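Contents: one structure, followed by commentary.
The values are calculated or read from the model by the stated rules, or taken from the named source; none is laboratory data. What you see is a predicted model; the values in this text were computed from it and never measured. Using ideal geometry, Cβ is built from the backbone for each residue, glycine included, and neighbour counts are taken over all protein chains shown. We work out accessible area using only protein heavy atoms, side chains counted, and drop any ligands, DNA or RNA first. Shrake-Rupley method; radii C 1.70, N 1.55, O 1.52, S 1.80 Å.
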Amino acid sequence: MGSSGFSWKLADHPKLPKGKTVAVVVLDGWGEAKPDQYNCIHVAETPTMDSLKKGDPDKWRLVKAHGSAVGLPTEDDMGNSEVGHNALGAGRIFAQGAKLVDQALESGKIYDGEGFKYISESFEKGTLHLIGLLSDGGVHSRLDQLLLLLKGSGERGAKRIRVHILTDGRDVLDGSSVGFVETLENYLAELREKGVDAQIASGGGRMYVTMDRYENDWEVVKRGWDAQVLGEAPFKFRNAVEAVKKLRQAPKASDQYLPPFVIADDNGKPVGPIVDGDAVVTINFRADRMVMVAKAFEYEDFDKFDRVRVPKIRYAGMLQYDGELKLPSHYLVSPPEIDRTSGEYLVHNGIRTFACSETVKFGHVTFFWNGNRSGYFNEELEEYVEIPSDSGITFNVQPKMKALEIGEKVRDAILSGKFDQVRVNIPNGDMVGHTGDIEATVVACKAADEAVKMILDAIEQVGGIYVVTADHGNAEDMVKRNKTGQPLLDKTGKIQILTSHTCQPVPIAIGGPGLAPGCRFRRDVPTGGLANVAATVMNLHGFEAPSDYEPTLVEVVDI
């Protein structure tokens, strides 16, 4: 029995036999979208995946891989590899992103964590700087979270606080920035009455200052760096309300694109540049527009722009923004505490497991799959194999990546007879998709399909079962679109490439000679998501999933 009274022993499934080798294949960045020239999965030669889709309709379906299905707060939140693999492995939906921050602030747990302890070492002699999007839009950040963090930091010894604001107008109405700045200024005035030297130090519009993503335009990050760190900007103001009101008076001005400004004292001196000994927190909980600025703060060998001065600071993110890069290395809110994952249950029930991917996604079929836990549950029953990724080049240069090597390793593991389960991540659709190179992404999808074929052929040989799915979308839509679904064009008439993940559903297919007669996808779980996959895989191993897992997607009908 476990310490909390539960048993690791899984009940046997009444209609699904044990003993078949099960292959769990995750195609990274492989969503389902309408076929067109920007759908690289559609354009590519993918006969294996096509055959699964066009085969038995009871053996192929779509599941959700974004928003609430993976613990993110809204349906506008695209999925990502970390939360996707958390859900795939855990079988339950754990709070991620904003929900996680809300819980940490509400409980006070945020202040007990290693990240806050780390930045608080600067409170005695240095300044605490908070940088982030100022609105209640709830997509990247929330004003109420900022106010709570200000309050908690002041109560825990922060004597000098500077806020570097990024105006929104994208997730909220344009023009609403003035009200948000006034709310923040009023709160900072209350802090000053309590003896905390707290004020706004700089600002700028989110699309023009700091919040670039996918290395599209490093000048955006540089403008923020110059204002926040160097105290240099084209505009100086005595206070932020005046700044935003004045800058919005310019022709065609909008909150999103306000130019950078600094707040200066009576002598024209910036009130809050970041200097040695200070602490810096980027308060956004959503990752995609924080990774670049995190690199600027954290990387010593940074070459994207001239930082001029690199202060020795204690830097933390609200969350860790990139699990693959381990960036930033310090963060205020830890990933969710995920217990009793499917991998741990299956190992406790004697399932011999092989996990494999290349370096860029190896952690996803091990660390993230196992609930953000490093190492083996049982070294005698598990083997994890990492194939080194190409280094020193962008992924579109070698778009096949290591797909075929992964396929070979997994094939050999299946044919060896040593394992009851193999699980694998094939990264091509995601990593090459992020480069925005459509031709290369087509090649990447073809290579991923070839790897799937190698694995399914091996499953066929041993009389096993396969589950093929994905963790989120990417390669299926490589162009930005307007509200009617048409491709967006830039000023020169060229299409605007989409390099991000998507909110599209992902496929899941089951099959193989070991699949029990009458086993099919249920028709009463129409809104299934990635978290339903764990119970499904447990069933295919011949077990019933724990009662608190998301329900299985499969059933056995009499035929």
> Quick one: what pairs do we get from segment 384-412, first residue within 18 Å of V442 (Cβ to Cβ) and in contact (Cβ under 8 Å) with a residue 40 or more places away in the chain, second assigned to a helix (DSSP H, G or I) and open to solvent by 30 Å² or more (accessible area, probe 1.4 Å), C-beta under 7 Å, 6+ apart or different chains?
Replying inline: P399/V443; K400/V443; A403/E450; L404/E450
> I406 passes all but one of (1) among the β-branched types (V, I, T); (2) touching a Ser or Thr at 6+ places or on another chain (Cβ under 7 Å); (3) closer than 30 Å to G542 by Cβ; (4) not in a helix (DSSP H, G or I); which number fails?
Replying inline: (4)
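Kindly establish whether L88 is of a type in the set (A, V, I, L, M, F, W, C), open to solvent by less than 30 Å² (accessible area, probe 1.4 Å), modelled with pLDDT under 95 and assigned to a helix (DSSP H, G or I).
On the way: of a type in the set (A, V, I, L, M, F, W, C): yes; open to solvent by less than 30 Å² (accessible area, probe 1.4 Å): yes; modelled with pLDDT under 95: no; assigned to a helix (DSSP H, G or I): yes.
Considered against the rule, which asks whether it is of a type in the set (A, V, I, L, M, F, W, C), open to solvent by less than 30 Å² (accessible area, probe 1.4 Å), modelled with pLDDT under 95 and assigned to a helix (DSSP H, G or I), L88 comes out as no.
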> Would you pick out the residues in segment 320-354 that are part of a loop (DSSP other than H, G, I, E, B), touching a strand residue (DSSP E or B) at 6+ places or on another chain (Cβ under 9 Å) and open to solvent by 40 Å² or more (accessible area, probe 1.4 Å)?
Replying inline: Q320, S329, H330, R352
>> I need the full set of residues from segment 240-264 which are touching a helix residue (DSSP H, G or I) at 6+ places or on another chain (Cβ under 8 Å), of a type outside the set (A, V, I, L, M) and not in a loop (DSSP other than H, G, I, E, B), in order please.
In response: K245, D255, F261
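Please verify whether segment 98-112 includes one or more residues that are surrounded by 18 or more Cβ atoms within 10 Å (Cβ to Cβ), touching a Pro at 6+ places or on another chain (Cβ under 7 Å) and either outside any helix (DSSP H, G or I) or not hydroxyl-bearing (S, T, Y) (or both). Explain how you work it out, then say what you get.
Residues of segment 98-112 surrounded by 18 or more Cβ atoms within 10 Å (Cβ to Cβ): 98, 100-102, 104-105, 110-111.
Then keep just the ones that are touching a Pro at 6+ places or on another chain (Cβ under 7 Å); that gives 98, 100.
Okay, now just the ones that are also either outside any helix (DSSP H, G or I) or not hydroxyl-bearing (S, T, Y) (or both), so 98, 100.
Yes, because at least one residue in segment 98-112 is surrounded by 18 or more Cβ atoms within 10 Å (Cβ to Cβ), touching a Pro at 6+ places or on another chain (Cβ under 7 Å) and either outside any helix (DSSP H, G or I) or not hydroxyl-bearing (S, T, Y) (or both).
Okay, residues lined up against (1) at pLDDT below 95; (2) in a loop (DSSP other than H, G, I, E, B); (3) among the polar types (S, T, N, Q):
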| residue | (1), (2), (3) |
| --- | --- |
| P273 | no, yes, no |
| R286 | yes, yes, no |
| R289 | yes, yes, no |
| A294 | no, no, no |
| D303 | no, yes, no |
| D306 | no, yes, no |
| V310 | no, yes, no |
> Before we move on, is T552 assigned to a loop (DSSP other than H, G, I, E, B), free of Cβ contacts under 8 Å to residues at least 40 places away in the same chain, more than 28 Å from G89 (Cβ to Cβ) and not hydrophobic (A, V, I, L, M, F, W, C)?
Replying inline: no
> So which residues in segment 357-387 are surrounded by fewer than 17 Cβ atoms within 10 Å (Cβ to Cβ), at pLDDT below 95 and part of a loop (DSSP other than H, G, I, E, B)?
Replying inline: S374, G375
>> T183 - would you say it is under 30 Å from D306 (Cα atoms) and among the hydroxyl-bearing types (S, T, Y)?
In response: no
>> Consider segment 463-482. How many of its residues are open to solvent by 10 Å² or more (accessible area, probe 1.4 Å) and either in contact with a helix residue (DSSP H, G or I) (Cβ under 6 Å, 6 or more places away or on another chain) or more than 22 Å from T21 (Cα to Cα) (or both)?
In response: 5
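Just to check your reading of the model, which residue among D58, D76 is touching a Phe, Trp or Tyr at 6+ places or on another chain (Cβ under 7 Å), assigned to a loop (DSSP other than H, G, I, E, B), on the phi < 0 side of the Ramachandran plot and open to solvent by 10 Å² or more (accessible area, probe 1.4 Å)?
Numbers: D76 fails: touching a Phe, Trp or Tyr at 6+ places or on another chain (Cβ under 7 Å).
Result of the check over D58, D76: D58.
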> Quick check: is even one residue across segment 37-55 among the aromatic types (F, W, Y), open to solvent by less than 40 Å² (accessible area, probe 1.4 Å) and in a loop (DSSP other than H, G, I, E, B)?
Replying inline: yes
>> Of all residues being outside any helix (DSSP H, G or I) and surrounded by fewer than 20 Cβ atoms within 10 Å (Cβ to Cβ) in segment 171-191, which is modelled with the lowest pLDDT? Just the residue, please.
In response: D171
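Give the number of residues within segment 513-542 that are basic (K, R) and more than 17 Å from A69 (Cβ to Cβ).
Of the residues in segment 513-542, 2 are basic (K, R) and more than 17 Å from A69 (Cβ to Cβ).
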> Among (1) of a type in the set (A, V, I, L, M, F, W, C); (2) in contact with a Lys or Arg (Cβ under 9 Å, 6 or more places away or on another chain); (3) open to solvent by 20 Å² or more (accessible area, probe 1.4 Å), which single condition is I93 missing?
Replying inline: (2)
